[in-house]
Amino acid sequence: MADNSLMLVKGVGAVKVKALINKVWVEITIYQVEYVPGGANLLSENVLLDKGLVVSKSGNNQIIYYRDGQRDIEAERRDGLQIMKFKPIVNRAMACIKPVVWHERLAHINSKFLNDTKDKEAAYGLENMKREDVNFKCEICMRAKSKKKSYVTVEKTVKYLPGECLHSDLGYANAISRNGNSYFLVVKDEASAFRQVYFQKKKGETAMNVIDAINFMRTQTGNNVKMFRSDNGGEYKCQELVSFFSKRGIRFGLNSPQCSPSNGFVEREMRIEQDAARSMLIQSQLHESHWEDAIRTACYVLNRTLSTKNTEKTPYEQVIGKKPTLQHVRIFGSKAFAHITNGQGKKFDDKATECILVGFDAHSKNYILYDPAEGKYHYQAKHVNFIETNASRRESITNDEPDEIITTFSTKEVRNDETEQTDGASETEGEEAETYSSASNSPQQTNPKVHQHNETWADEIQWEASQEDRNFVNTSLPPQPSSSKPKRERQQRKFYQAGSGDANVAMHATNTEPTTYSAALSSKYAGEWKEAMDSEMRSHSENGTWRLVKRPVGKKVLKNRWVYKIKHNPNGEIEKFKARLVVKGFNQVKGVDYTETFAPVSRYETIRTLLSVAAARKLKLVQLDIGTAYLNSELK
């Protein structure tokens, strides 16, 4: 802005107004309007000119815009500004969402904290929560959060800054999660109440995760850890951690054995997270093996809402430095339909996969979806439709707001009309760059850590007003972004008689791709897969992809896996067997293990340009398949 302040765009939508056109008030709709709370209503003349309008200014301070030679919208010059001759249209009653719905979306959060988060605008997305008594009674919370009376606490005299004092505890779940984990480690900052959670198969992984949590807090806050407190568990008194604390000058405080109140700060955190997870599992009626998903979701939500300790800023904002958004949050366990991207199915297959919402990826804007049919997790950022079902009331929440959330809203920062893009992958490539990735449900599956990073979406600004038809269904600018796109009527599927090419299609369908090394070598194409893997290893050797070194202290080793792909020709016949050795890079933490990412691939704009030049000059195009084109290539 003019005073160098930042204002967050909370949504992009359409505004319906009455405009004075040729002395008649006509309803028009302005599209791609950015909603900024507290800002003035601004309309750019340059945008109007870019849309083909012509401006005519007279000496009597009257300004008239023309479209295709016909008189259009009007304005009046006053104090050096153009005052558009617009009238607001009275809003219809906006669909309000009851507090109980947000209570269930936000991991059964305390009703007082929910009310404070809305009233103090600590997070975006709660504007449409209905104003009523939030001290409602939740039967699920009564079943899941019953507890004894609390101890009398003594106020501490030492005041720490965020990141200077960390508390930790290790919990045992009494059940093995879908990822093969039995333990969860919580590390909580005393000053900000920001918590991190790690999932472990055994206690021996504690030291590595504690070091990772300390490095993350130091990177995000800029403050060195001065005190680390835990119980007397042997996992904390190992030589690796003791040596690490000694080298960093970190005081290591051990609490009294068999006395949980002495470590009440993190003990309460463990209880809060377990209560929230238990509530979500009861309501969603998911199997107890989803406890890891529920704990992760609880941690994600608690970092983004206010509490007794944090009455003004959320833990996320105190550590990351930006106000969080809750617009994308949906009820844990809701039915989700994830769009299948192009190339992952036949023409008349289903275009969406039915999954269950089991969390939100803290490192990106991905939803974490579980496919019960395949037993796999999927990570999908956009094009996910939800049906939020309340298990306790046994009804779908579809009257308060649409059950579909196709992420088209924007939460970008605006400064002097310039847009800051997110670090990492850009969305400028549009729909073609969308991916639908999955991780196999194996004991070596990734354990997502609850580290939070900025999440931004960007949309282009567009404006349109039709001369032929100015009656639209949109109301004036909503405080929440558009949640769906126009739907086209679904045509009934047609079936045709089998043709001569059906044999190849059937053969294509039976050639399944293995997902593991043992499955590849036990398949009927074991020889072909062995040759493909040998070719891949030769390429790595020739390009010098890696060199063996000793593992640095406190660092984790990334695991790898084989990815197999069968390429077919247009007739459906097998053309090539491809095997790729990939590293599980998703175990890395942005800001700790890396700061930038690169994707050495051709942009669609480049491909389209080449095709256009070839067509204009009547050139022939030849497509080449290079086995390892970008393997260990130099990036400039």
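Here are a few things to note about the model shown:
- Scanning the range 205-236 for residues that are small (G, A, S), surrounded by fewer than 22 Cβ atoms within 10 Å (Cβ to Cβ) and either touching a His at 6+ places or on another chain (Cβ under 9 Å) or more than 22 Å from G321 (Cα to Cα) (or both) yields A207, G233, G234.
- On the stretch given as the range 180-200, residues that are under 11 Å from E292 (Cβ atoms), touching a residue at least 40 places away in the same chain (Cβ under 8 Å) and in a loop (DSSP other than H, G, I, E, B) total 2.
- Test: residue in the range 395-415 that is under 30 Å from K118 (Cα atoms), surrounded by fewer than 18 Cβ atoms within 10 Å (Cβ to Cβ) and at pLDDT 85 or above: no
- Among (1) closer than 23 Å to D361 by Cβ; (2) modelled with pLDDT of 85 or more; (3) surrounded by 16 or more Cβ atoms within 10 Å (Cβ to Cβ); (4) not aliphatic (A, V, I, L, M) - the single one K590 does not satisfy: (2)
Conditions tested, residue by residue: (1) modelled with pLDDT of 80 or more; (2) assigned to a loop (DSSP other than H, G, I, E, B); (3) under 23 Å from Q327 (Cα atoms).
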site	(1), (2), (3)
V33	yes, no, yes
P37	no, yes, yes
L43	no, yes, no
N91	no, yes, yes
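- Subset of the range 238-268 that is modelled with pLDDT of 90 or more and touching a strand residue (DSSP E or B) at 6+ places or on another chain (Cβ under 9 Å) - its residue that is surrounded by the most Cβ atoms within 10 Å (Cβ to Cβ): L241
- Of all residues in the range 509-545, those satisfying the criterion of being surrounded by 10 or more Cβ atoms within 10 Å (Cβ to Cβ) and assigned to a loop (DSSP other than H, G, I, E, B) are N511, T512, E513, P514, T515, T516, S522, S523, Y525, T545.
- Residue match in the range 569-585 (condition: farther than 30 Å from I214 by Cα and small (G, A, S)): yes
- Qualifying residue in the range 43-56 (condition: closer than 16 Å to D72 by Cβ and surrounded by 16 or more Cβ atoms within 10 Å (Cβ to Cβ)): yes
The values are calculated or read from the model by the stated rules, or taken from the named source; none is laboratory data. Here the structure is a predicted model, which means the values were calculated and not measured. Neighbour counts run over all protein chains shown; Cβ positions are idealised from the backbone, glycine included.
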